[in-house]
There are 2 protein chains.
Amino acid sequence: MRQAAPTTTFMDTGHDHAHCLDEALDRAAALCADRGVRLTALRRRVLELVWGGHKPLGAYDILETLKAERRGAAPPTVYRALDFLRTHGLVHRIESQNSFVGCPDPNKPHGGQFLICRTCGLAAELNDSGVDQAIRKSAAKAGFSVGRPIIEIQGLCPHCRKKG
Amino acid sequence: MRQAAPTTTFMDTGHDHAHCLDEALDRAAALCADRGVRLTALRRRVLELVWGGHKPLGAYDILETLKAERRGAAPPTVYRALDFLRTHGLVHRIESQNSFVGCPDPNKPHGGQFLICRTCGLAAELNDSGVDQAIRKSAAKAGFSVGRPIIEIQGLCPHCRKKG
DNA sequence: GCTATAATGTTATAGTATAACACTTAAAAG
DNA sequence: CTTTTAAGTGTTATACTATAACATTATAGC
Ligand SMILES: [Zn+2]
Ligand SMILES: [Zn+2]
Ligand SMILES: [Zn+2]
Ligand SMILES: [Zn+2]
């Protein structure tokens with residue numbers, strides 16, 4: 001019914017991003033159809049902008065672009081679209097940067113685990129079950145019931161490491 | 001030279017927090033002396049306010065209290081103090097809440113791992129090496145060099161779980 | 001088409017953080 | 001002890017991030 005999720009490691013700088021983006025939009029359309037919710041033109045456009053690259057984007061960056069395209073785009077325009085997209089797992093918020101990034105696997109519910117390069121700004125979703133289990137184990141020891149884990153690892157991506 | 005760090009699990013509601021706070025201030029004074037930096041009255045007071053409880057505090061909450069005590073307290077007053085305290089590991093920022101909390105073990109450099117109760121707001125520092133290792137292992141697989149890991153686990157603390 | 005609901009437009013405001021420069025205080029040098 | 005210098009704080013203004021509230025438009029179901 002749905003194509004396999006793309007790899008979640010750091011994208012090669014030369015990867016076919018047009019294809020990458022097309023697939024993300026297709027996945028979003030399918031997911032919304034499945035759930036009986038509306039991927040309106042605005043929501044689709046915001047998702048497209050967020051997927052413009054693998055670098056998280058600020059809400060006001062998105063707004064700048066929207067303003068050039070729609071009369072009367074304002075902060076609520078973009079925040080409402082982002083809220084919808086986040087509710088359906090199509091977009092994640094990077095808490096440590098007040099920014100937003102597309103999710104490559106919106107059908108599988110998950111809190112976001114991110115690797116974020118401090119040099120080039122690229123973010124890659126990790127989604128590692130070993131990390132998740134270590135957290136659950138450690139939380140259990142403290143008698144804590146885990147809801148939403150937020151994991152944002154700042155560091156250097158393979159590409160920026162080489163150039164170091 | 002320095003007393004042992006306090007436990008990092010969820011504080012019992014009835015624990016001796018006056019003592020808990022005193023120790024934190026003593027540790028801070030010792031650390032600043034060691035490093036030859038100044039724990040001024042303002043910085044000490046901000047640290048004291050942050051350690052008012054184990055519930056992270058917003059910068060403007062701190063500012064409200066300061067305003068009642070100092071003529072001309074303004075946002076930079078508190079942000080500068082917080083910057084100093086964070087630089088020396090005395091305070092952590094909770095990225096997902098724009099809030100700040102005292103660190104129980106400022107001498108050991110570490111990124112913060114937090115359990116945060118969504119009901120009562122209490123935060124407990126985890127600092128689990130299993131979690132850290134799982135992250136490093138997973139990041140290494142992606143060729144990523146880990147700098148500062150941010151881990152904020154939202155959920156229910158033991159106390160709120162029982163009442164749930 | 002008519003009605004109910006969802007989505008968006010629009011204006012205003014709340015909440016978080018920093019820039020820039022003036023002033024004061026405390027350490028360091030002589 | 002005085003001068004010099006640097007660090008810390010005061011003060012004003014502003015940037016950046018996010019939401020409230022209400023009006024208007026578009027969509028879906030009847
Ligand atoms: Zn791509
Ligand atoms: Zn990079
Ligand atoms: Zn305490
Ligand atoms: Zn609780």
query = Taking Cα atoms, how many degrees apart are the long axis of helix B:17-35 and the longest axis of chain B, rounded to 10 and kept between 0 and 90?
reply = 90 degrees
inquiry  = Treating only the Cβ of Lys, Arg, Asp and Glu as charged (+1, +1, -1, -1), what charge dipole size does segment B:109-164 show about its Cα centre? Round to the nearest 20 debye.
reply    = 220 debye
query = Across the residues of B:26-36, average count of Cβ atoms on other protein chains within 10 Å?
reply = 0
task = Taking each pair of different alpha-carbon atoms in segment B:23-164 once, compute 1/r for the pair, average those values, and report the inverse of that mean as the Kirkwood hydrodynamic radius in Å to one decimal.
result = 16.4 Å
request  = Going by C-beta contacts inside 10 Å, put B:T87, B:T119 in order with the fewest on the left.
outcome  = B:T87, B:T119
remark   = To the nearest 10 degrees, the tilt of helix B:41-50 (Cα long axis) against the first principal axis of the alpha carbons of chain B is 50 degrees
task = Would you mind giving the mean number of other chain beta-carbons within 10 Å of the Cβ of each residue in A:136-142, as a whole number?
result = 6
query = Along the charge dipole of segment A:113-164, which of A:N127, A:I150, A:I116 sits closest to the positive end, that is, farthest toward it, with unit charges on the beta carbon of Lys, Arg, Asp and Glu (+1, +1, -1, -1)?
reply = A:I116
query = When DSSP beta bridges are limited to those with both residues in the protein assembly as shown, what percentage is antiparallel, rounded to the nearest 5?
reply = 70 percent
key: Geometric extent, Cα atoms of the protein assembly as shown - Rg, Dmax (angstrom)   = 21.7, 65
key: Label point 7 Å beyond Cα along the C-beta direction, distances from A:A41 to other copies (nm, shortest first)   = 6.3
request  = First measure r as the distance between the Cβ atoms of A:K137 and B:R148, then evaluate 1/(1 + (r/R0)^6) with R0 = 22 Å and state the FRET efficiency to the nearest 0.05.
outcome  = 0.45
key: Nearest-ten-degree value, helix A:129-141 long axis tilted from longest Cα axis of chain A   = 60 degrees
request  = With label points built 7 Å along Cα→Cβ from the Cα atoms of A:K67 and B:C20, find their separation and express it in nm.
outcome  = 4.6 nm
request  = Would you please give the residues with an amide H less than 5 Å from that of A:F100, counting only those at least 5 places away or on a separate chain, with H modeled from the backbone geometry?
outcome  = A:L57, A:G58, A:I94
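Read-outs throughout are calculated quantities, based only on the coordinates presented, and are distinct from any laboratory measurement. This one's a predicted model, so the numbers in the text were calculated from it and none came from an experiment. Neighbour counts are summed over all protein chains in view; Cβ atoms, including those assigned to glycine, are modelled from backbone coordinates with ideal geometry.
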